[in-house]
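Let me begin by presenting the structure, written as structure tokens, before commenting on it.
The values are calculated or read from the model by the stated rules, or taken from the named source; none is laboratory data. If you're wondering where the values come from, they're calculated on a predicted model, not measured in any experiment. Every residue, glycine as well, gets a Cβ built from its backbone with ideal geometry; the counts of neighbours run over all protein chains shown.
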Amino acid sequence: MITYPHVPNPSPRTPAARPLPPLRPRALRLGDTVAVVAPSGRVDLALLEEGVALLQSWGFTVRCMPSTEGGRRYLAGESDAQKGQELADCFADPSIAGILCARGGYGAMRILPFIDFATVRAHPKVFCGYSDITALHLALRREAGLITFHGPMVQRQADEPSLHPWTAEGLRRALTTTAPLGLIAAPPDGPAPTTVAGGRARGPLVGGNLSLVAALCGTRWQLDARGCVLLLEDVNEAPYRVDRMLTQLLLAGVLAGVRGLVFGDSPTCDRPAGDPRTFTLVEILRDRVAPLGIPVLYGFPCGHTPWRATLPLGVEVELNADAGTLTVLEPACLP
């Protein structure tokens, strides 16, 4: 039998509670130590070195935690309990100012019951990652109200020896500023977003990877997106699977009360060129989400592409689906 030290019965979803007040971390400063953790898949140390060098070039001291070395087949770390404890230890350690995830893959949702969220609430810190890390974004918001960052991770992708300059500067600025990030639009050399349903919407930005948002339905950490602008993105999912997951969110009530949807650029999920047997992502969004009567934007630069905006989750934003922009209206970090 699996026992969970911090969440004795994590499976049933508890009745929706009022959202916790936003808990802002302190912005990173020159000379701070940042910890690199691996809550999900096994890490490629050679690809990790590129990201570590970038962080060091910005003036940070980097401490790679034990979970970044070795692992079990497709999982990083020696056990789920070890990774959950390691994450809590990073929050509790006064010498660590921020926590960045090495990579996604799979495994983050396995460690949720092993995280001491009381420690997180007592020691809020910058936390950044995306993709599979969405499980942690949802749990940290649900259990602590922590504002986290949906953004690039430390291990470079295999076909990406270095971060695109636009992506790198956005990450550095987001983690170090105490001002609202303001207007975020597609970079000049990136694809332009597509307006699926026009209009504007305001609310806290929540969400992340569609597969993880769907996978956590029915659990304690199911996303509560009422009154929010929902962010979704994914990678290597066939269009019918995107359709199925969006339908699951509709049937589970997750999309009820959502004020707007921004779907990140997800080219590996779109219809292959010249294939008439399936729908495009824009067609799927128009069919599944646009009938909700909310603004819907597809192709925002925040997915598994070279253009990855760093977006604070839990702060007020305005989505302008006609202009293809997202404006962050509140600061994510304290001085």
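Using the structure shown, decide if Y240 is aromatic (F, W, Y), in contact (Cβ under 8 Å) with a residue 12 or more places away in the chain and more than 20 Å from G151 (Cβ to Cβ).
Numbers: aromatic (F, W, Y): yes; in contact (Cβ under 8 Å) with a residue 12 or more places away in the chain: yes; more than 20 Å from G151 (Cβ to Cβ): yes.
Yes.
Scan L334, L281 and give me the residue that is in contact (Cβ under 8 Å) with a residue 24 or more places away in the chain and outside the structural domain of G203 (by TED's automatic domain parsing).
Numbers: L281 fails: outside the structural domain of G203 (by TED's automatic domain parsing).
Step by step, each of L334, L281 is checked, and only L334 is in contact (Cβ under 8 Å) with a residue 24 or more places away in the chain and outside the structural domain of G203 (by TED's automatic domain parsing).
Among the residues of segment 238-286, write down those that are touching a Leu at 6+ places or on another chain (Cβ under 9 Å), surrounded by fewer than 15 Cβ atoms within 10 Å (Cβ to Cβ) and aromatic (F, W, Y).
The answer is none; no residue qualifies.
Look at segment 287-334 and say how many of its residues are surrounded by 24 or more Cβ atoms within 10 Å (Cβ to Cβ) and in a strand (DSSP E or B).
Within segment 287-334, residues that are surrounded by 24 or more Cβ atoms within 10 Å (Cβ to Cβ) and in a strand (DSSP E or B) number 13.
For segment 224-232, state whether one or more residues are within 15 Å of the chain's Cα centre (by Cα), in the same structural domain as G107 (by TED's automatic domain parsing) and closer than 18 Å to V328 by Cα.
No; the residues of segment 224-232 include none that is within 15 Å of the chain's Cα centre (by Cα), in the same structural domain as G107 (by TED's automatic domain parsing) and closer than 18 Å to V328 by Cα.
I'm trying to understand the selection: among the residues of segment 15-44, which are at pLDDT below 95 and touching a strand residue (DSSP E or B) at 6+ places or on another chain (Cβ under 9 Å)?
P19, L20
Name the residues in segment 200-250 that are assigned to a loop (DSSP other than H, G, I, E, B) and either polar (S, T, N, Q) or under 19 Å from I284 (Cα atoms) (or both), would you?
T219, Q222, D234, V235, N236, E237, A238 - these are the residues of segment 200-250 that are assigned to a loop (DSSP other than H, G, I, E, B) and either polar (S, T, N, Q) or under 19 Å from I284 (Cα atoms) (or both).
Has segment 136-154 got any residue that is touching a residue at least 24 places away in the same chain (Cβ under 8 Å), crowded, with 21+ Cβ neighbours inside 10 Å, out of contact with any strand residue (DSSP E or B) (no Cβ under 8 Å at 6 or more places or on another chain) and not assigned by TED's automatic domain parsing to the domain that holds L231?
yes
Being farther than 30 Å from A273 by Cβ and surrounded by fewer than 19 Cβ atoms within 10 Å (Cβ to Cβ) is true for just one of G203, G198, G182. Which residue is that?
G182
Okay, residues lined up against (1) assigned by TED's automatic domain parsing to the domain that holds V52; (2) of a type outside the set (S, T, N, Q); (3) out of contact with any strand residue (DSSP E or B) (no Cβ under 8 Å at 6 or more places or on another chain); (4) modelled with pLDDT under 95:
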| site | (1), (2), (3), (4) |
| --- | --- |
| L205 | no, yes, no, no |
| G208 | no, yes, no, no |
| S211 | no, no, yes, no |
| R244 | no, yes, yes, no |
| V258 | no, yes, no, no |
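Give the number of residues within segment 165-197 that are assigned to a loop (DSSP other than H, G, I, E, B) and under 16 Å from L231 (Cα atoms).
Residues that pass the stated criteria total 3.
Kindly indicate whether R288 is more than 29 Å from V126 (Cβ to Cβ), in contact (Cβ under 8 Å) with a residue 12 or more places away in the chain and not small (G, A, S).
Answer is yes for this residue.
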